[in-house]
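Notes for the one structure printed next.
The values are calculated or read from the model by the stated rules, or taken from the named source; none is laboratory data. None of these values were measured; they are calculated from a predicted model. As a convention, Cβ positions derive from the backbone with ideal geometry for all residues, glycine included, and neighbour counts pool all protein chains shown. Quick note on the areas: whole protein, heavy atoms, side chains included, nothing else; ligands and nucleic acids left out. Shrake-Rupley method; radii C 1.70, N 1.55, O 1.52, S 1.80 Å.
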Amino acid sequence: MLENLVIIGSGPAAHTAAIYAGRAKLSPLIFEGQFAAGVAAGGQLTTTTEVENYPGFPDGIAGPELMDRMRAQSIRCGARIETKTVERVDLRSHPFQVFVGSETIQAQSIIIATGATAKRMNIKGEDRLWQKGISACAVCDGALPFFRNQVLVVIGGGDSAAEESSYLTKFGKKIYLLVRRDTLRASKVMQERLKSNPKIEILWNTEAIEVLGEQKITGLRIKDNKSQGERILEAGGLFYAIGHLPNTSFLEGQIECDETGYIKTKSGTTLTNIPGVFACGDVQDHTYRQAVTAAGSGCMAALDAERYLSHHS
Ligand code: FAD
Ligand code: NDP
């Protein structure tokens with residue numbers, strides 16, 4: 001079975017790529033995953049409630065509904081979708097091979113749009129209160145009415161934590177940043193911005209050990225890891241900024257990635273180091289990580305693949 005174009009993933013990047021490739025008559029085959037990397041088909045937006053910043057929906061739209069619509073549009077434009085997870089690929093020879101269960105699919109070109117997964121703390125109370133005051137994306141959720149004028153807590157010590165804490169000062173009345181060491185990993189400029197903001201207080205050597213609340217978050221049990229002293233910190237919101245893991249393990253190191261595991265693409269394109277293999281969305285973007293930027297790069301990947309196929313098939 002030789003496919004023109006296999007798309008791996010099912011978030012905004014994969015579906016936008018499928019819409020463009022379908023309209024270009026490439027008859028793309030999508031493997032949308034079956035709870036791949038712990039995320040339902042449809043991607044990260046299936047784990048959120050309201051999306052207010054995706055253009056075209058002035059009243060906002062529920063994340064799962066937005067993804068259902070993208071999926072329907074992919075099919076209408078000519079994509080075929082299989083609810084299966086790609087376990088492995090062989091990119092060493094052309095056509096490429098894609099391994100899915102007992103099937104092996106040959107592909108002239110591949111678009112990788114497998115996204116990234118926000119790391120969780122896995123502390124007590126987290127599962128109960130996930131999306132009831134706990135979020136892994138301040139830029140996505142911080143502006144929701146739920147968090148307005150609340151005491152908010154951010155956990156992390158990198159650039160994301162610094163950026164998200166600063167961003168949240170627009171909405172929260174006070175931001176606590178919990179840092180597990182006595183130093184930040186964030187760049188100097190971000191550190192300075194953080195430290196000069198009067199709404200932000202850094203709690204050094206501090207770890208969260210439990211999230212409190214029943215229907216919504218009311219606070220955290222925190223621990224000073226130097227003195228081992230525990231106390232309750234009252235809060236109306238908690239944001240994790242402890243890093244993301246790009247979903248690339250199925251590639252088994254066959255594509256060039258940066259030191260944090262994100263696929264490297266040639267600047268301004270979706271080209272990887274392997275001709276005929278393209279990457280789009282969060283799996284190659286640790287900076288913007290938004291639905292609209294993922295969709296934009298999905299469009300680029302389809303156009304790049306179309307150009308490649310016109311010369312190679
Ligand atoms: P993803 O959405 O990450 O989807 C990738 C998909 O690929 C997943 O379904 C995964 O299971 C699948 N997959 C992985 N490996 C395989 C495999 N081997 N085989 C097959 N399938 C595989 N952005 C906004 O713009 N606005 C928001 O309001 C917003 N809210 C958010 C709220 C939350 C809680 C989170 C976590 C993120 C939010 N984001 C928001 C960010 C946005 O969801 C992401 O930037 C966007 O979904 C990235 O899209 P993507 O297409 O790269 O991949
Ligand atoms: P990083 O991996 O850089 O930082 C993660 C932070 O979370 C670290 O401080 C780490 O602590 C902390 N952490 C990890 N696990 C835990 C845990 N279980 N409990 C408490 N703290 C924890 O991730 P980022 O998302 O911040 O950044 C990723 C990349 O993206 C970086 O290269 C960054 O520079 C870049 N970026 C750039 C931005 C910009 O320039 N505007 C904005 C956002 C990100 P410790 O330090 O102790 O390991």
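For segment 151-167, residues that are out of contact with any Leu (no Cβ under 7 Å at 6 or more places or on another chain) and either within 6 Å of ligand 2 (Cβ to nearest atom) or not in a helix (DSSP H, G or I) (or both) total 6. Scanning segment 137-157 for residues that are modelled with pLDDT of 95 or more and not basic (Lys, Arg) yields a total of 10. Out of all the residues in segment 21-34, is one or more within 24 Å of residue 137 (Cβ to Cβ) and buried (at least 18 other Cβ atoms within 10 Å of the Cβ)? Yes, the conditions are met somewhere in segment 21-34. Counting the residues of segment 272-293 that are within 11 Å of ligand 1 (Cβ to nearest atom), open to solvent by 10 Å² or more (accessible area, probe 1.4 Å) and either modelled with pLDDT of 95 or more or more than 30 Å from residue 136 (Cβ to Cβ) (or both) gives 6.
Counting the residues of segment 162-177 that are within 21 Å of residue 245 (Cα to Cα), away from ligand 1 (no atom under 16 Å from the Cβ) and touching a strand residue (DSSP E or B) at 6+ places or on another chain (Cβ under 7 Å) gives 1. Considering only residues in segment 77-130 that are hydroxyl-bearing (Ser, Thr, Tyr), within 14 Å of ligand 1 (Cβ to nearest atom) and surrounded by 18 or more Cβ atoms within 10 Å (Cβ to Cβ), the one that is farthest from residue 2 (Cα to Cα) turns out to be 117.
Residues of segment 191-210 that are aliphatic (A, V, I, L, M) and open to solvent by 30 Å² or more (accessible area, probe 1.4 Å): 202, 209.
Considering (1) under 30 Å from residue 166 (Cα atoms); (2) assigned to a helix (DSSP H, G or I), say which one residue 308 fails and leave the rest. Unmet for residue 308, out of (1) under 30 Å from residue 166 (Cα atoms); (2) assigned to a helix (DSSP H, G or I): (1). Residues of segment 172-190 that are within 11 Å of ligand 2 (Cβ to nearest atom) and surrounded by fewer than 19 Cβ atoms within 10 Å (Cβ to Cβ): 180, 181, 182, 183, 185, 187, 189. Could you please let me know if residue 298 is in the same structural domain as residue 46 (by TED's automatic domain parsing) and crowded, with 23+ Cβ neighbours inside 10 Å? It is true that residue 298 is in the same structural domain as residue 46 (by TED's automatic domain parsing) and crowded, with 23+ Cβ neighbours inside 10 Å.
On inspection, residue 68 passes the criterion of being in a helix (DSSP H, G or I) and open to solvent by 60 Å² or more (accessible area, probe 1.4 Å).
Taking the criterion of being under 20 Å from the mean Cα position of the chain (by Cα), among the β-branched types (Val, Ile, Thr) and in a loop (DSSP other than H, G, I, E, B), the only residue of segment 106-150 that qualifies is 114. Determine whether residue 134 is outside the structural domain of residue 16 (by TED's automatic domain parsing) and among the aliphatic types (A, V, I, L, M). It is true that residue 134 is outside the structural domain of residue 16 (by TED's automatic domain parsing) and among the aliphatic types (A, V, I, L, M).
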